[in-house]
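K.L.:
Structure below; questions to follow.
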Amino acid sequence: SGARANRRAMGGSDDEMREAVADEGAKAEAEDQPMMDADSDSDDEDRRPRRTDGDSEPSPPRQRTPPRERSPRRDEPKKEKNPRKNPPMEMIIGAEDAAFLVGTGGKTKDKVARVAGARLDLLDADDGKHRLEIFGKDENRRKAKQYVQWVLRQRVGPITVDTSGPRRDDLSIVSVPLDCVAYVMGKNGIVLRNIEEEYGTLMFFGKPTSGAEEGVEKLMILGSRRSRRGAELKVMSAVEHKRKGFFVDEKKELRRRLEQVGDGEGDGWGYDVFPFHDDEFSYALGAQGSTRKKLAAASGCILEYIGDVAVMAGNRDERRRCWDYLNWLLKQRKGALSVDPKGRDDVLELPVPSGKAGRLSGKGGNVLRSIEKETSTFCFLTDHRAAADGESRDELMLIFGQDKRDRYKAMDLMEDAMEGKYQPKGGGGGDRGGRGGGGGNRRSDACHDFSVGKCTRGDKCRFSHDVGGGGGRGGRSDRDASPRR
């Protein structure tokens with residue numbers, strides 16, 4: 001069951017888990033200096049210049065104006081107390097609980113502290129027990145204490161989460177079919193732990209006091225709105241892979257809208273659904289998910305594939321970038337891609353001199369893939385040759401990404417690559433073809449001229465014209481329209 005899997009996943013040997021974290025202390029908050037009182041005793045003489053010429057009498061000193069008490073401005077924010085100055089919230093726990101909480105290498109305790117936004121110090125107490133001190137703001141300390149109680153509860157039985165009151169702003173709940181629980185957990189909980197690490201969440205199977213369903217276990221996901229949505233989609237992807245049709249219907253639409261705490265607040269946060277056709281899924285996934293991860297990093301958007309659909313979550317700009325990048329990726333399967341970068345704020349243009357494209361791409365695309373991975377960008381050559389100065393360009397590399405610094409770094413590395421001064425890291429990446437924008441099935445012997453629409457050899461060409469790695473269609477006109485949810 002999920003409860004037993006929770007206990008196996010969170011455990012560890014006593015020798016590995018008994019180290020306590022040293023108290024880092026806290027810096028004292030600087031306080032305002034009191035103003036000097038006009039009548040305070042002082043041995044200093046009046047330092048105003050005195051007249052010494054003739055018999056003139058020195059002018060009497062002027063009376064000092066009494067200091068006025070400063071009135072606070074209405075718009076002046078009230079200084080917040082240093083959370084570490086507050087007395088810590090304390091818990092006394094036994095040796096076994098302390099070892100369980102610390103986890104292997106202190107990972108469990110650090111994870112609880114990170115998700116709760118608090119600081120946890122574990123100290124020795126009397127009678128072989130340990131004192132857990134929790135520092136932070138009141139809300140963060142309360143969350144941390146609750147998280148610790150839930151983590152320790154996994155040692156002895158199922159966790160009950162009170163969901164009868166107002167919805168918690170740090171909790172999302174995902175239904176997992178009973179026959180998928182072990183798959184979602186992984187051996188010794190490794191899959192769940194990896195999801196926690198990737199998105200910065202705390203996850204466990206529990207029993208809510210309301211909304212119970214037959215045939216499913218409830219997976220509790222704790223964290224921020226963004227981290228919870230990423231972990232939720234990742235779990236949905238695993239479940240849909242194990243039991244096709246649980247979350248996605250035959251029309252390639254989600255069976256239920258995603259409605260967790262934080263959705264529908266009118267601040268632009270949301271999600272879009274991008275349906276795949278034919279064999280586009282494996283092409284857009286890449287080897288070990290490398291293409292999907294790259295598109296997510298470049299756009300700054302959460303991107304997960306659930307069955308035959310891609311779900312993009314984030315603000316409007318993040319989702320718009322991700323939609324465009326994925327659409328362009330799939331369109332390249334047909335060959336050359338024409339993209340006009342005019343008016344976009346997420347792109348740099350790099351002219352590629354004749355004969356340099358091969359060196360920039362590298363063997364099997366390893367150079368370009370390595371640069372993309374190193375700089376969190378999405379890059380490809382385009383045949384859109386309308387330059388700003390009216391001159392034509394043989395080829396133009398477009399460097400897309402959310403971060404301006406990453407785009408310029410990618411441009412610098414590409415210039416080095418064209419001069420033969422760049423070495424791919426980790427052997428580069430073979431997830432896509434050398435011309436950019438492909439997927440895991442891209443062939444390394446594809447015809448370069450055909451990919452840019454220049455091959456005139458036809459059937460006599462000794463290179464493959466199957467640049468899509470398995471045929472299929474490119475992007476559709478409906479994908480150029482606004483995303484659908």
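K.L.:
Over all directions, what mean area does the Cα convex hull of segment 187-285 project, stated in square nanometres? Write down the numbers at each step before the final one.
P.N.:
Numbers: hull surface 32.6 nm².
Reported value for the Cα convex hull: 8.1 nm².
K.L.:
Now a separate question. For segment 254-397, what is Rg from Cα atoms divided by 2.2 N^0.38 Å, rounded to two decimals? Write down the numbers at each step before the final one.
P.N.:
Values: Rg = 16.9 Å, N = 144, 2.2 N^0.38 = 14.5 Å.
Working it through for segment 254-397, the quotient is 1.16.
K.L.:
A follow-up question, please. Using a 1.4 angstrom probe on heavy atoms only, work out the carbon and sulfur share of the accessible area of segment 295-426 in %.
P.N.:
Values: 2350 of 5720 Å².
Taking all protein chains in place, segment 295-426 shows 41 percent carbon and sulfur surface.
K.L.:
Okay, next question. For a protection proxy built on the mean count of beta-carbon atoms within 10 angstrom, sort 142-152, 336-346 highest first, please.
P.N.:
Details: 142-152: 19.5, 336-346: 14.0.
The densest-packed peptide leads the list: 142-152, 336-346.
K.L.:
Which order do Tyr283, Tyr183, Tyr422 take when ranked by solvent-accessible area (1.4 Å probe, heavy atoms of all protein chains), largest first? Working shown, then result.
P.N.:
Details: Tyr283 0, Tyr183 95, Tyr422 25 Å².
So the residues, ranked largest to smallest area, are Tyr183, Tyr422, Tyr283.
K.L.:
Just to check I understand the Karplus step: with θ = phi - 60° and J = 6.51 cos²θ - 1.76 cosθ + 1.60, what whole-Hz values come out for segment 331-348, glycine and proline as x?
P.N.:
In residue order, the calculated couplings are 5, 5, 5, 7, x, 5, 10, 10, 10, 8, x, 4, x, 9, 9, 10, 9, 10 Hz.
K.L.:
Can you list, largest first and rounded to whole Å, the semi-axes you get for segment 327-373 by taking the square root of 5 times each eigenvalue of its Cα gyration tensor? Before the final figure, lay out the partial values.
P.N.:
Details: eigenvalues 78, 45, 31 Å².
In descending order, the three semi-axes are 20, 15, 12 Å.
K.L.:
Return the subset of Lys143/Lys293; Lys187/Lys218; Lys109/Lys143; Lys334/Lys425; Lys145/Lys207; Lys244/Lys294 for which the Cα-Cα distance in this structure is over 22 Å, preserving the input order. List each step's numbers first, then the result.
P.N.:
On the way: Lys143/Lys293 31 Å; Lys187/Lys218 19 Å; Lys109/Lys143 13 Å; Lys334/Lys425 29 Å; Lys145/Lys207 19 Å; Lys244/Lys294 26 Å.
Over 22 Å apart, Cα to Cα: Lys143/Lys293; Lys334/Lys425; Lys244/Lys294.
K.L.:
Tell me, what HN-Hα J-couplings in whole Hz come from the Karplus equation 6.51 cos²θ - 1.76 cosθ + 1.60 at θ = phi - 60° for each residue of segment 358-363, using x for Gly and Pro?
P.N.:
After applying 6.51 cos²θ - 1.76 cosθ + 1.60, I find x, 5, 5, 6, x, 5 Hz.
K.L.:
With every protein chain kept in place and ligands, DNA and RNA left out, what is the accessible area per residue of segment 251-317? Probe 1.4 Å, answer in Å².
P.N.:
Values: 2700 Å² over 67 residues.
Accessible area per residue, segment 251-317: 40 Å².
K.L.:
OK, next. Suppose R0 equals 35 Å; then what is the FRET efficiency for Asp124 and Thr209 from their Cβ-Cβ distance, rounded to the nearest 0.05?
P.N.:
On the way: r = 36 Å, r/R0 = 1.04.
Calculated value: 0.45.
K.L.:
Just how much of His130 is accessible, in Å², when a 1.4 Å probe is used and the result is rounded to the nearest 10?
P.N.:
Only protein atoms counted, so the area is about 30 Å².
K.L.:
Then there's this: What does the C-alpha gyration tensor say about the overall shape of segment 165-236? Classify as rounded when a/c is under 1.5, otherwise prolate if a/b is larger than b/c, or oblate.
P.N.:
Details: a/c = 2.07, a/b = 1.04, b/c = 1.99.
Oblate shape, in that a/c is at least 1.5 and b/c is the bigger or equal ratio.
The values are calculated or read from the model by the stated rules, or taken from the named source; none is laboratory data. This structure is a prediction, so every number in the text was calculated from the model and none was measured. Here Cβ is always computed from backbone atoms with ideal geometry, including for glycine, and neighbour counts include all displayed protein chains. Just so you know, the surface numbers come from the protein's heavy atoms only, side chains and all, with ligands and any DNA or RNA stripped out. Shrake-Rupley method; radii C 1.70, N 1.55, O 1.52, S 1.80 Å.
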